[in-house]
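Single-structure report; data block below.
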Amino acid sequence: MELIVALGLIAFKVALLIAILLLLPLPLTWLERKIAGRMQQRMGPMRVGWHGLLQPVADGIKLLTKEDHIPAEADRFLFKLAPILALTPPFVVFVAIPFGETVSVLGAEITLYVSNMNVALLFVFAVIGLEVYGVIFGGWAANSKYAVLGSLRTCAQMISYEIPMGFAVIGVVMLAQSMSLLEIVRAQADVWNVVYQPVGFFVFFVAGLAEAQRIPFDLAEAEGDLGAGFHTEYSGIRFAFFMVSEYAIVLLVSVLVVILFFGGWNGMLVPLPPLLWFLLKVAFFVYLFIWFRFTFPRYRYDQLMAIGWKVLLPLSMANIIITGIAFL
Amino acid sequence: MSHARHGVGAWIGWAFFADLVSALALTFGYMFSRSVTMQYPDKEKWLPYPRYRGHHFLTRDDEGEIKCVACELCARICPCDCIEVIPYEDDKGSRHPAKFEIDMARCLFCGLCEDACPADAIALGQQYEFSSFSSRDLVVGREDLLGKPGKARTGGGVVAARLNTEQDVLVETSERRGYNWWRNIRRT
Ligand code: SF4
Ligand code: SF4
């Protein structure tokens, strides 16, 4: 009986997580377009619903009813597989992400995470790494030069930024003496990691921007020179999959930054419910992503590589060494 | 701003991304500025200036007779060959167009027909809302042209308007002159 209840609870949590992640791009696209509009002295969407609130729904319906076009020369199997491969990893990662300790619902204590792995950090990085497959397959299967170039760039970018990203979190792991995200947050109860690890935070955040393929590192879909990068040939619902996965990654990177460096659900000064603290912090970082997008130009490809290998990698290594020395 | 500094200050600024931060501050400031968007069919509508070249119209003289003398000069000068005039002679012996058709789908609104007309009969007016789903609807005849609005007397104002999908954009209030396009543009 207990096993069934536990399984049911997990199934419920997973379903809830998937629903939230699938629905979240709707308000996020609206917000992004509104913020973009305000920053450019425009209004953004205004016509569908109050202040364009229903615009994402309209866009969704449009994407669903659009022709699902597959190029004649495309590898049909891989072409269909790629959006799913791109969509799955960001969703899977959230299994390992804690959103808080526990809440009591109807007298029962319910944990705010699906699973508390002791190697959660490793799991997160391993699964994010799989994201590359969707990009490679999508670009390769479409059999179009823009898509191939876009996917090549993206692969190189993701692989080279995963290294500093991985190194940047080692300092955090050293501080918490654990790879469990739950333990990492608990270790930050008094002082947030960003105080001890400003360089680590910087490296992680910049690499996260690159990982999410956002401006200033959105080389993958550099509209000016590549059409739309690896998803140039996608249309309709398959394109929507790529968009959803992109937003899920933005969210994921924000969540990771908050958990690893900004104390997770640990509050500061103002006593708010932990979950609210967590959501506020994540919202701030999501806003930061959008803010960056409409402020900075895009880096050139060689600059991107130079930043990854010549700046971030040495910085993250130095960070590890200095943290280690401080521990001695 | 980092470009104003030299030496050590510049290096410190570079290390802490002074330029990026100032860019962020700028966009953040803009986020709370007023938008310059004119919400055209929904809320506002712009009134064209008198010199605006919109839909053609034909004029009448004091007796209410059409001014056009069907000389076909406009048809001749038109670079798009989109005016067709067929003349006739009325009982008083004066020439008038029996048929006067302009194919708005081909017109490029150069205004040459207006310049060429010896009788000041044709001119380009202020109407600009005449898009259509069929190019055949855009061939307008003599009676339509006589009924079109003339040149704007004032212009450059913005008036409140509302979209009526069945008919047209409805203008609600009286006009305000001289819309200040720079009103909300931030200049530093
Ligand atoms: S405006 Fe120019 S193109 Fe149009 S009808 Fe007159 S002469 Fe022809
Ligand atoms: S509109 Fe003017 S130019 Fe054209 S036929 Fe009539 S009188 Fe002649």
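Residues that are under 24 Å from the mean Cα position of the chain (by Cα) and either among the hydrophobic types (A, V, I, L, M, F, W, C) or at pLDDT below 85 (or both) within the stretch A:27-43 comprise A:LEU28, A:TRP30, A:LEU31, A:ILE35, A:ALA36, A:MET39, listed in sequence order. Considering only the stretch A:308-319, I want to know if a residue exists there that is more than 14 Å from chain B (Cβ to nearest Cβ), in contact (Cβ under 8 Å) with a residue 60 or more places away in the chain and either touching a strand residue (DSSP E or B) at 6+ places or on another chain (Cβ under 8 Å) or within 26 Å of A:ALA189 (Cβ to Cβ) (or both). Yes, the stretch A:308-319 has at least one match. Taking the criterion of being exposed (fewer than 14 other Cβ atoms within 10 Å of the Cβ) and within 12 Å of ligand 1 (Cβ to nearest atom), the only residue of the stretch B:88-110 that qualifies is B:LEU108. For the stretch A:277-328, a residue qualifies if it is charged (D, E, K, R) and closer than 21 Å to A:GLU162 by Cα, and the qualifying residues are A:ARG293, A:ARG298, A:ARG300, A:ASP302, A:LYS310. Annotation note: of A:MET43, A:MET1, the sole residue that is farther than 30 Å from B:LEU26 by Cα and free of Cβ contacts under 8 Å to residues at least 24 places away in the same chain is A:MET1. Only one of the numbered conditions (1) more than 16 Å from B:LEU146 (Cα to Cα); (2) among the charged types (D, E, K, R); (3) within 11 Å of ligand 2 (Cβ to nearest atom) is violated by B:ASP81, and that is (3). Would you call A:LEU26 more than 27 Å from B:SER35 (Cα to Cα) and in a helix (DSSP H, G or I)? Judged against the criteria, A:LEU26 is not a match. Restricting the search to helices (runs of 4 or more DSSP H) fully inside the stretch A:173-257 and requiring at least 2 residues that are touching a Pro at 6+ places or on another chain (Cβ under 8 Å) gives A:181-187, A:198-211. Considering only residues in the stretch A:36-68 that are more than 14 Å from chain B (Cβ to nearest Cβ) and outside any helix (DSSP H, G or I), the one that is surrounded by the fewest Cβ atoms within 10 Å (Cβ to Cβ) turns out to be A:GLU67.
Take the conditions (1) near ligand 2 (Cβ under 9 Å from one of its atoms); (2) within 23 Å of B:SER132 (Cβ to Cβ); B:GLY111 misses just one of them, which is (1). The set of residues in the stretch A:260-274 being outside any loop (DSSP other than H, G, I, E, B) and either under 13 Å from the mean Cα position of the chain (by Cα) or more than 24 Å from A:PRO27 (Cα to Cα) (or both) consists of A:LEU260, A:PHE261, A:MET268, A:VAL270. Regarding B:GLU63, is this residue surrounded by fewer than 16 Cβ atoms within 10 Å (Cβ to Cβ), more than 14 Å from chain A (Cβ to nearest Cβ) and either over 28 Å from the mean Cα position of the chain (by Cα) or within 15 Å of ligand 1 (Cβ to nearest atom) (or both)? Criteria met by B:GLU63. For the stretch B:5-41, the set of residues classified as at the interface with chain A (Cβ under 8 Å from one of its Cβ atoms) and either within 10 Å of A:THR295 (Cβ to Cβ) or touching a residue at least 40 places away in the same chain (Cβ under 8 Å) (or both) consists of B:LEU20, B:ALA23, B:LEU24, B:LEU26, B:THR27, B:PHE28, B:TYR30, B:SER33, B:ARG34, B:SER35, B:VAL36, listed by residue number.
Candidates A:PRO89, A:PRO83, A:PRO71: the one that is touching a Lys or Arg at 6+ places or on another chain (Cβ under 6 Å), away from every other protein chain (no Cβ under 14 Å) and not hydroxyl-bearing (Ser, Thr, Tyr) is A:PRO83. Among residues of the stretch A:1-35 being surrounded by 14 or more Cβ atoms within 10 Å (Cβ to Cβ) and closer than 18 Å to A:ILE110 by Cα, the one that is farthest from the other protein chains (Cβ to nearest Cβ) is A:LEU9. Evaluating B:ARG51 against the criteria (1) of a type outside the set (S, T, N, Q); (2) modelled with pLDDT under 90; (3) away from ligand 1 (no atom under 16 Å from the Cβ) leaves one unmet condition, (3). Scanning the stretch B:120-158 for residues that are under 30 Å from B:GLU44 (Cβ atoms), away from ligand 2 (no atom under 16 Å from the Cβ) and outside any loop (DSSP other than H, G, I, E, B) returns B:SER135, B:ASP137, B:LEU138, B:VAL158. State whether the residues of the stretch B:74-87 include one that is out of contact with any His (no Cβ under 8 Å at 6 or more places or on another chain), farther than 16 Å from B:ALA116 by Cβ and within 13 Å of ligand 1 (Cβ to nearest atom). No, every residue in the stretch B:74-87 fails to be out of contact with any His (no Cβ under 8 Å at 6 or more places or on another chain), farther than 16 Å from B:ALA116 by Cβ and within 13 Å of ligand 1 (Cβ to nearest atom).
Of the residues making up the stretch B:107-119, those that are in a loop (DSSP other than H, G, I, E, B) and under 21 Å from the mean Cα position of the chain (by Cα) are B:CYS107, B:LEU108, B:PHE109, B:CYS110, B:GLY111.
The values are calculated or read from the model by the stated rules, or taken from the named source; none is laboratory data. What you are looking at is a predicted structure, and each value in this text was computed from that prediction instead of being measured. Positions of Cβ are generated from backbone atoms using ideal geometry, with glycine treated the same way; all protein chains shown enter the neighbour counts.
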